[in-house]
Amino acid sequence: MDGKFVIITLLLGLVVLNISMIVGSLRHKEQFGGRIFALMMGSLVIYSLGYLWEISTVELGIKLFAIYVQYLGIFIFPLSWLMLALHYSGYRTWLNWTNLWVISFIPILTFLLIITNSFHHLYYSSIWVDSSGIFPNFAFTKGVWYYIHIFYFNVLIIFGNIFYLRKFVSSTPKHLFSAILVFFATLLLWLGYFLFETPLNPWGIDLNLFSFNLMGILLALGMFRSQTFSLVPIARSLVFEKFSHPVLVLDKELRILDLNTNAKNLLFPDTPDVLGKNLMDMESMPVALLSLLENPGLDQVDFPIITETSRMYYQGRKTPLTDPKGTILGTILSLTDETERTLLLLQLQELATKDSLTGINNRRHFLEQAEAELSRARRKSTPLAVILFDLDDFKKINDSWGHQVGDLALKNAAEIAMGNLRSHDILGRYGGEEFTILLPETNFETAMAIAERLRAGIEACSLILRREPLRFTASFGVKGVPQVTHDHSLSDLINAADASMYMAKQKGKNLVVGS
């Protein structure tokens, strides 16, 4: 078979294949990564068609115009190559117009120098047709700017290689094969360049063109296999156009594909670049959010975010991301500020469970907690004690000093009790000037000692009113159970403690009586 026919057929086949990949990557116009890939493959189509035009003619002037067409593709290629590498490896924030204009300056200048080369010969010192190979090729001697162009071209390619390598090194096992394909594709550029510049190219054809096209095919296999372009358009439209609260877009491996500024400032204020990183490896991530993402049965979770200056409450909600066919591509993690609602609920809860005057448990909440503790004691057959105490002659305090002073006496008695009890003891205002205490896992002797300590503390307290000290006392009743059984009810224990307290009143007040 004729070698010319094979090469031309192969080139035409690559053009058709590249066009089909361009169409495939542009099925969804909003896919930025797909558009970059289409631009890169489009540059190879231009390069290939220009080369076909060059080798199909023998006239130098026509070949020169074909070279112009080729270089239009050649100049676009390294720019789109680097843009794709940045996008693929998670550095999409670098893809802004300022950076693009900076890296495009030398390629644009080079293209202008080529089409005006006849005036200055900076790119080609001389040109002619070389008919020694299988095709009549465009031949030239290199000018000064040619070396600048080659150097800059290779710099862009090397930077792209570096970003692809970073992606390869950080790939999860699930995406490793795709990353290997992409990384291997990047090495093909150098293989073609090496063969083009050595005697291993006996026909004198442009092997760079074939290596570039083969690289494009492998890139397509690797990137589309790992759904590199599937989520990015969804991420941009959802995060920046529809959501004002913190939002993150994750792939199936929980890597961050995109996030808005609110999410960045809230979750990663001290981490400059989080794109492409796995949430499970981020130390600043709240544990509750990680549990939400790991547990398929959870759709939302409430959690606090605590800093040195504030305490905020958020609700995290996950939503699966699917393509038009229903295939799950990743997750949207959205956070809603629930601080105001949570603080209101906490206030309502406190009003429902706390005594408004003393700040300790009200009667209803005390009884709820005490019943729960009594049930636990029954299961474990542990000891338990109840203390009931009442301020002595409280009516006289109210009548002589007023209800404000009476309230102050109640608050002081509650503070003394709280200061002398353990963290697991349950204290509540039972009604009026009566207080009740449940002591888990406490025998009768210990309960009596605690009650005596409280009695002495209240007796020692004095309120300075009108430059006169006001002292008050309290009478205590204690009921202890060495081993709680189903025969013991909370009401029976409280009634027994109440009877002991009444006996202390009868004996002269300011006493502790137990049973």
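Count of segment 1-37 residues, restricted to those that are surrounded by 20 or more Cβ atoms within 10 Å (Cβ to Cβ) and either of a type in the set (Gly, Ala, Ser) or modelled with pLDDT under 75 (or both), is 4.
The residue that is farthest from TYR314 (Cα to Cα), among those in segment 265-301 that are among the acidic types (Asp, Glu) and modelled with pLDDT of 85 or more, is GLU294.
With respect to LEU122, determine if the residue is closer than 25 Å to MET40 by Cβ and either hydroxyl-bearing (Ser, Thr, Tyr) or in the same structural domain as ILE8 (by TED's automatic domain parsing) (or both). No; evaluated as a whole, the condition is false for this residue. Are there helices (runs of 4 or more DSSP H) fully within segment 55-152 with at least 3 residues that are under 21 Å from VAL15 (Cα atoms)? List them. Correct list: 60-88.
Residues checked against (1) buried (at least 21 other Cβ atoms within 10 Å of the Cβ); (2) farther than 30 Å from LEU279 by Cα:
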residue: LEU343; (1), (2): no, no
residue: LYS380; (1), (2): no, yes
residue: ILE397; (1), (2): yes, yes
residue: GLY431; (1), (2): no, yes
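Within segment 80-100, the residues that satisfy the criterion of being of a type outside the set (A, V, I, L, M, F, W, C) and either touching a residue at least 60 places away in the same chain (Cβ under 8 Å) or outside the structural domain of ILE162 (by TED's automatic domain parsing) (or both) are HIS87, TYR88, SER89, GLY90, TYR91, ARG92, THR93. Within segment 354-374, track down each residue that is polar (S, T, N, Q) and either loosely packed, with under 12 Cβ neighbours inside 10 Å or not assigned by TED's automatic domain parsing to the domain that holds MET418 (or both). SER356 - this is the single residue of segment 354-374 that is polar (S, T, N, Q) and either loosely packed, with under 12 Cβ neighbours inside 10 Å or not assigned by TED's automatic domain parsing to the domain that holds MET418 (or both). Filtering LEU470, LEU463 for residues that are touching a residue at least 60 places away in the same chain (Cβ under 8 Å) and either over 29 Å from ALA377 (Cα atoms) or not assigned by TED's automatic domain parsing to the domain that holds GLN404 (or both) leaves a single hit, LEU470. Would you say THR442 is within 10 Å of ILE387 (Cβ to Cβ) and of a type in the set (S, T, N, Q)? Answer is yes for this residue.
Among the residues of segment 337-368, those identified as in contact (Cβ under 8 Å) with a residue 24 or more places away in the chain and either among the aromatic types (Phe, Trp, Tyr) or closer than 26 Å to LEU408 by Cα (or both) are ASP355, LEU357, THR358, GLY359, ILE360, ASN361, ASN362, ARG363, HIS365, PHE366, LEU367. Quick check: anything in segment 335-349 among the acidic types (Asp, Glu) and part of a helix (DSSP H, G or I)? Yes: segment 335-349 contains one or more residues that are among the acidic types (Asp, Glu) and part of a helix (DSSP H, G or I). Taking (1) modelled with pLDDT of 75 or more; (2) outside any helix (DSSP H, G or I); (3) of a type in the set (Val, Ile, Thr) in turn, THR198 satisfies each apart from (1). Condition check for PHE37 on (1) more than 21 Å from LEU214 (Cβ to Cβ); (2) in a helix (DSSP H, G or I): one failure, at (1).
The values are calculated or read from the model by the stated rules, or taken from the named source; none is laboratory data. On a predicted model such as this, the values are computed, not experimentally measured, just so you know. Cβ: placed from backbone, ideal geometry, glycine included. Neighbour counts: every protein chain shown.
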